[in-house]
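As structure tokens, the structure follows; a few thoughts come after it.
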């Protein structure tokens with residue numbers, strides 16, 4: 001290294017230091033100098049990175065289909081790593097919950113069997129004739 005410095009070193013053209021002071025914190029510098037990868041969130045607020053699946057926690061449904069990095073709009077997003085094969089926690093928005101309730105209310109009460117069905121009628125008639133004999 002000393003040999004290279006003696007052969008290729010040059011004196012600066014000006015003795016004045018042109019460096020500016022750092023205006024960012026160490027955390028901000030680490031964030032600026034790291035590689036960023038953008039991912040699109042799924043309906044359940046999950047995203048994949050390097051063959052692993054992550055799910056955001058404590059977020060509202062409005063982030064559905066949002067493009068995010070580790071930071072979204074200047075704040076950290078809490079996440080958890082899903083185990084291989086583990087399904088994400090389903091998220092329901094207010095609209096889908098109301099829709100499911102309305103469908104359940106509109107559904108008629110479930111009958112155990114159809115009393116007027118032709119084959120049931122024939123079976124009852126045959127059973128009644130067998131009892132008479």
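Read-outs throughout are calculated quantities, based only on the coordinates presented, and are distinct from any laboratory measurement. Please read all numbers here as calculations on a predicted model, not as lab measurements. We place every Cβ from the backbone using ideal geometry, glycine too, and count neighbours over all the protein chains shown.
The figures follow:
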item	result
Gain upon complete extension [residue 44, residue 80; 0.36 nm per residue less C-alpha separation]	11.7 nm
Theoretical FRET efficiency, 1/(1+(r/R0)^6), r = Cβ-Cβ of residue 35 and residue 9, R0 30 Å, to 0.05	0.35
Length added when fully stretched, residue 130-residue 1, from 0.36 nm per residue minus Cα-Cα	35.4 nm
Cα→Cβ-extended label distance, 7 Å offset, between residue 63 and residue 107, nm	3.2 nm
In Å, descending, principal axis extents of the Cα set of region 34-85	31, 28, 16
